[in-house]
Amino acid sequence: TQGRAPFQQNIVASNRGDGALAVSAAAASTDSGSEWLETEIVGNVVAVRAVNLDGVEAGLYRGTVRIDSNAANSPQQVVVFLDLRPEQPPTAFFRAAVNGATFNASTPLAPGTIATVFGEQLSFGFEQATVLPLPREMGGARIVVSNLDGGSPVEAPLFFVSSGQLNFQVPYETTPGTKKLQDFRDGQAGNEITVQIDTRSAGLFRLNRGEYGAVVNATRSTADVVSLPIPASTPVAPGVSAQPARPGDVLVFFATGLGPITPNVATGEAPAAQTNAVDVPIVNFGRSPFGPLADPLFVGLSPGFVGLFQINVCLLYTSDA
């Protein structure tokens, strides 16, 4: 946004092969506008910043970052775009309030669900919540959910805010039906969008590696290493192992929007004790709707987290998935 400080973005270099990767240099160039692109190396992370924007007109600008390292495929080039726009009221996109696990715009939300709304200039901050209960205002941004026919609006707790995305929890006080969602930035009201609220809005979180889920193999994890049931060849971070699950292993799936819980938990709070889902789902390990099907060992809110369910289930010996 013109007149506002741009946020730093990071390019993280990782090694798919053996040996120690070392980034040695990063050079920035721009195709149009001023010399607005700047880089800085911190270990194997290249920090990318937009600078010297005074007097630059609104528009879309293109730049390139060249990264030199000791890798076999060095140098690498990354294209960077600067989308500079005039300041305006916060704008939520049409049907942009979605389940934070699935991002599916065609399904409703549910009380307690971890959700996301996309838009423009929703906040001039770039912040993540670090305290519990979650704040109702962060980076100048607030989200209000209310009934179409009036009634008392409810402010939603916030996980994360940025210009284009707000992550929030749908308040438990929200009742099923058609609601209005509105964003406020530094007291300035944005547009209203309509959201549908249902009893549940189930979604399994992904691992950001294709369609693999955010699943922990509790049987093969240790106090020092977390085991993820993904192909053994997948690059993972230190303290994490990649290995396919085996029949008999206990897997922990992470989800949101699984419906009512008992006992109740306050909006924006993590559970203080074991909290169970009222309606326990069935886990399907097969490639068809007929299974094999398994009853979970436990379904409830994950300790220490807001709105996050975990599903503990034993991988069946009859499963070939």
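Tabulated data for the structure shown
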| item | result |
| --- | --- |
| Any hit, the stretch 95-114, residues being of a type outside the set (A, V, I, L, M, F, W, C), open to solvent by less than 30 Å² (accessible area, probe 1.4 Å), touching a residue at least 40 places away in the same chain (Cβ under 8 Å) and not in a loop (DSSP other than H, G, I, E, B) | yes |
| Filter result for the condition that a residue is modelled with pLDDT under 95 and either out of contact with any Asp or Glu (no Cβ under 6 Å at 6 or more places or on another chain) or more than 30 Å from LYS180 (Cα to Cα) (or both), over PRO271, PRO235 | PRO235 |
| Qualifying residue in the stretch 110-128 (condition: at pLDDT below 95 and more than 29 Å from VAL45 (Cα to Cα)) | no |
| Single unsatisfied condition, LEU21 versus (1) open to solvent by 50 Å² or more (accessible area, probe 1.4 Å); (2) modelled with pLDDT under 95 | (1) |
| Contacts under 6 angstrom Cβ, first residue in the stretch 18-37 being more than 10 Å from ALA71 (Cα to Cα), partner outside any strand (DSSP E or B) and open to solvent by 60 Å² or more (accessible area, probe 1.4 Å), 6 or more apart | SER34/ASN52; TRP36/ASN52 |
| Test for ARG209: is it more than 23 Å from THR102 (Cα to Cα), of a type in the set (Lys, Arg) and in a loop (DSSP other than H, G, I, E, B) | no |
| Lone qualifier among GLN165, GLN188 - being out of contact with any strand residue (DSSP E or B) (no Cβ under 8 Å at 6 or more places or on another chain), touching a residue at least 40 places away in the same chain (Cβ under 8 Å) and either basic (Lys, Arg) or under 17 Å from ALA92 (Cβ atoms) (or both) | GLN188 |
| Residue within the stretch 282-295 that is acidic (Asp, Glu) and within 19 Å of GLU173 (Cβ to Cβ) present | no |
| Residue match in the stretch 277-296 (condition: of a type in the set (Phe, Trp, Tyr) and touching a residue at least 24 places away in the same chain (Cβ under 8 Å)) | yes |
| Close pairs from the stretch 134-145: first in contact (Cβ under 8 Å) with a residue 40 or more places away in the chain, partner β-branched (Val, Ile, Thr) and outside any strand (DSSP E or B), Cβ under 6 Å, at least 6 apart | LEU134/VAL306; VAL145/THR174 |
| Residue check, ALA237 open to solvent by less than 50 Å² (accessible area, probe 1.4 Å) and within 30 Å of ARG16 (Cβ to Cβ) | no |
| Residue in the stretch 309-320 that is crowded, with 19+ Cβ neighbours inside 10 Å, at pLDDT below 95 and aliphatic (A, V, I, L, M) present | yes |
| Strands (runs of 3 or more DSSP E) (entirely within the stretch 1-84) containing at least 3 residues that are among the polar types (S, T, N, Q) | 23-30 |
| Only listed residue being more than 14 Å from ALA96 (Cα to Cα), of a type in the set (Phe, Trp, Tyr) and within 17 Å of the chain's Cα centre (by Cα), chosen from PHE168, PHE118, PHE184, PHE126 | PHE126 |
| Some residue of the stretch 249-262 being farther than 30 Å from ALA105 by Cα and either open to solvent by 50 Å² or more (accessible area, probe 1.4 Å) or modelled with pLDDT of 95 or more (or both) | yes |
| Subset of the stretch 125-162 [over 20 Å from GLY112 (Cα atoms), open to solvent by less than 40 Å² (accessible area, probe 1.4 Å) and part of a loop (DSSP other than H, G, I, E, B)] | GLY125, GLY139, GLY140, SER162 |
| Test set (1) among the small types (Gly, Ala, Ser); (2) farther than 28 Å from ALA237 by Cα; (3) surrounded by 14 or more Cβ atoms within 10 Å (Cβ to Cβ) - GLY55 fails condition number | (3) |
| Residue in the stretch 81-93 that is within 30 Å of LEU204 (Cβ to Cβ), open to solvent by 50 Å² or more (accessible area, probe 1.4 Å) and not aliphatic (A, V, I, L, M) present | yes |
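The values are calculated or read from the model by the stated rules, or taken from the named source; none is laboratory data. None of these values were measured; they are calculated from a predicted model. Neighbour counts run over all protein chains shown; Cβ positions are idealised from the backbone, glycine included. These area figures cover heavy atoms from the full protein model, side chains too; ligands, DNA and RNA do not enter into them. Shrake-Rupley method; radii C 1.70, N 1.55, O 1.52, S 1.80 Å.
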